[in-house]
Amino acid sequence: MNAFTDVGTFLIQSLATIYLVVILLRFLLQLCGANFYNPVSQFAHKATLPLLAPLRKLFPAYGKLDFASLILALLLQWLAIQLTASLNGNALINVLYVLWWGVLGIISMLINIYIYGLLAAIILSWVAPNNQHPVVTLLWQLMEPVMAPFRKLLPNLGGLDLSPILVFLVLNMFRIFVTHAANASQLPGWAVPGF
C-alpha cells in the first residue's frame, strides 16, 4: 500500500464511522424514548433525515424500533467496505460476506457506544452529579434502560450503585462473542467501520 491508499482508507473509515455513530445514536435515542427536543437528538435527527426519509417509506418504524435507521447503517457499512476494498486493490466482495461483516460492525459499534457512554456517565456522576447539561441528560436517558434491569438484580446498597459493573461484564462478554464471530468469518478489520 502507498500513502494515498492509506489516506483514502483512513478517510473512508473515519467518515463512515462518524456517520454510523450518528445513525446508531438516532436509533438508540428513539428506542429508549429520549427527549426529542434535546439539541443532540435534534442534531442526530437532522443529520440523518435526508437519507432516512426515503427508507422510512419502505421500512416503517414498529413502535420505538426504527428499522430504517438499521437498514441505513447496514447500507453505509456495505458502501464503506466495498470502497475500502476497491481502494486497496481488491475485487468486489461477496454481498453475503459484506452484509455479515456489516452486521458485526454495527453490533460492535453499539457495544462501544454503551461502553464509552457508561464510562462517561460514571465519571460525570462523580465529577458533576447534578449536572443538567443537555448532553449529560441525554446520556443518562440512553444508559438508564440498560442499567435498570441490573439494578433489580442487585440488593440495595444505599448510595452505592454496582449495576455498571454488571453491565460492563455483559457488554464485554458480547464483545468477545462478536470478536470470535468476526474471526470465524475472516472479517478484515481494516475494511469494516466499527472494528
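No lab work stands behind these numbers, since they all come straight from the coordinates. This structure is a prediction, so every number in the text was calculated from the model and none was measured. No Cβ is skipped: glycine too gets one built from the backbone with ideal geometry, and neighbour counts run over all protein chains shown.
For a label point 7 Å from the Cα of Leu15 along Cα→C-beta, name the residues of segment 86-112 whose backbone N is under 18 Å from it.
86-89
If you average the C-alpha positions of segment 11-28 and of segment 135-188 separately, how far apart do those two centres end up, in angstrom?
So the separation of the two Cα centres works out to 21 Å.
Quick check on segment 15-73: take the gyration tensor over C-alpha atoms, sort the square-rooted eigenvalues as a ≥ b ≥ c, and tell me if it's rounded (a/c under 1.5), prolate or oblate.
Values: a/c = 1.56, a/b = 1.08, b/c = 1.45.
Oblate shape, in that a/c is at least 1.5 and b/c is the bigger or equal ratio.
Mind checking which of Ile107, Ile122, Ile12 has the largest fluctuation in a GNM of the chain, springs on alpha carbons under 10 Å?
Fluctuation is largest for Ile122.
Using alpha-carbon pairs under 8 Å, 6+ residues apart, how would you state the relative contact order of segment 35-134 in percent?
21
What value does the chain have for Rg/Rh, both radii from Cα atoms and Rh as Kirkwood defines it? Mind showing how you got there, number by number?
Numbers: Rg = 18.4 Å, Rh = 18.3 Å.
Taking Rg over the Kirkwood Rh, I get 1.01.
Remind me, relative contact order of segment 3-184 in percent, using alpha carbon pairs under 8 angstrom and six or more residues apart? Intermediate results must be reported in sequence, preceding the final value.
Values: 142 pairs, mean separation 42.4, N = 182.
After rounding, I find 23 percent.
Going Cα to Cα from Lys46, which lysines come in below 28 Å? Please leave out same-chain ones fewer than 8 positions away.
Lys57, Lys64
Order of 185-195, 156-166 by packing, highest average Cβ count within 10 Å first? Display every interim value, and only then the final one.
Values: 185-195: 18.5, 156-166: 11.3.
Peptide ranking by packing, descending: 185-195, 156-166.
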